[in-house]
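Trainee: Quick one: structure below, then a few questions.
Nothing in this text is a laboratory measurement; each read-out follows from the coordinates by a stated rule. Computed from a predicted model, the values in this text were never measured in an experiment. Positions of Cβ are backbone-derived with ideal geometry, glycine not excepted, and every protein chain shown enters the neighbour counts.
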Amino acid sequence: MKLKTGMMAAGVAISLPLIIGVYQVWPSTENGGWQLAEKIAPKALMEQVAEENLNPDFEVPLGQMKMLKLSQSGQAAPLYLIDSRIADSDTEENPLCGDLGCAFFGYVPIDDGYQSVLSLYLDPNLPPDMPLIEASETLQNDMPELIIHQFDGNQRLRLRLVLNDRRYEVVETQYLPEQDE
């Protein structure tokens, strides 16, 4: 019994620093990943998103969109990423999805509201092991670099975006090798 206890203690002693190290360098989100906008979105931001991006004739439940609030150490202000797909709806039922994919937006707070820094269409139909959008721990212009994954035909595509003065722009496009199925 003492041998088992000792082995477990040794396992914890070895793995704990590794877990802590990974946690410290992993890009953090202030509120823990993609959540419903109604839970984390500032009301003024969602009103601005609707005004700038939605047809007033459409009734869209803004609170059912998903949001990722990124706030890393050294970052100037939080970055709000918005996935316009309505939770628990098929892509075809989402008013901001079409042949080009679904709309994704990015906003940062400014003195008199929010500034749009990202607006693009992405195909959300990716393999489960391929994240659509990732935030790098690298900051450029006090904002995280964004890594976007997509497909170009059958080829995996990785785009690296950084914030210039006013918008995120693609600074690197990389085709990834195919993975074995």
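Trainee: With a/c under 1.5 counting as rounded, go ahead and sort the stretch 35-121 into rounded, prolate or oblate using the C-alpha gyration tensor (a ≥ b ≥ c being the square roots of the eigenvalues; past the cut-off, prolate if a/b is larger than b/c, else oblate).
Mentor: Values: a/c = 1.80, a/b = 1.63, b/c = 1.10.
Prolate shape, in that a/c is at least 1.5 and a/b is the bigger ratio.
Trainee: Put a dot 7 Å past each Cα toward the Cβ at ASP165 and PHE151; how far apart are the dots in nm?
Mentor: Output for this residue pair reads 4.0 nm.
Trainee: Checking the a/c ratio against 1.5 first, then a/b against b/c, what shape does the Cα gyration tensor give for the stretch 22-181? Can you show the working numbers first?
Mentor: Details: a/c = 1.61, a/b = 1.10, b/c = 1.47.
Oblate, because a/c is 1.5 or more while a/b does not exceed b/c.
Trainee: Shifting gears a bit: Please go through the stretch 146-181 and write out the trypsin sites (Lys or Arg not before Pro) that DSSP classes as loop and that have at most 15 other C-beta atoms within 10 Å. Kindly include the intermediate steps, with their values, before the conclusion.
Mentor: Details: sites: ARG156, ARG158, ARG160, ARG166, ARG167; in loops: ARG166, ARG167.
Within the stretch 146-181, the qualifying trypsin sites (Lys or Arg not before Pro) (loop, at most 15 other Cβ atoms within 10 Å) are ARG166, ARG167.
Trainee: Let me ask something else. Out of every Cα-Cα pair in the stretch 79-163, what percent are more than 22 Å apart?
Mentor: Details: 1116 of 3570 pairs.
Taking all Cα-Cα pairs of the stretch 79-163, the fraction more than 22 Å apart is 31 percent.
Trainee: Let me ask something additional. Hey, if you put +1 on the Cβ of every Lys and Arg and -1 on every Asp and Glu Cβ in the stretch 23-181, which of GLN35, GLN64, GLY153 ends up farthest toward the positive end of that dipole?
Mentor: So the residue furthest toward the plus end is GLN35.
Trainee: To the nearest 20 debye, what charge dipole does the stretch 77-157 have about its Cα centre, counting +1 at the Cβ of each Lys and Arg and -1 at the Cβ of each Asp and Glu? Could you put the intermediate results ahead of the total?
Mentor: Values: 2 positive and 15 negative charges, 25 e Å.
So the dipole magnitude of the stretch 77-157 works out to roughly 120 debye.
Trainee: Note down the magnitude of the dipole of the stretch 23-181 about its Cα centre, charges +1 on Lys and Arg C-beta and -1 on Asp and Glu C-beta and zero elsewhere, to the nearest 20 debye. Walk me through the numbers before you get to the answer.
Mentor: Working: 10 positive and 28 negative charges, 94 e Å.
The dipole magnitude comes to about 460 debye.
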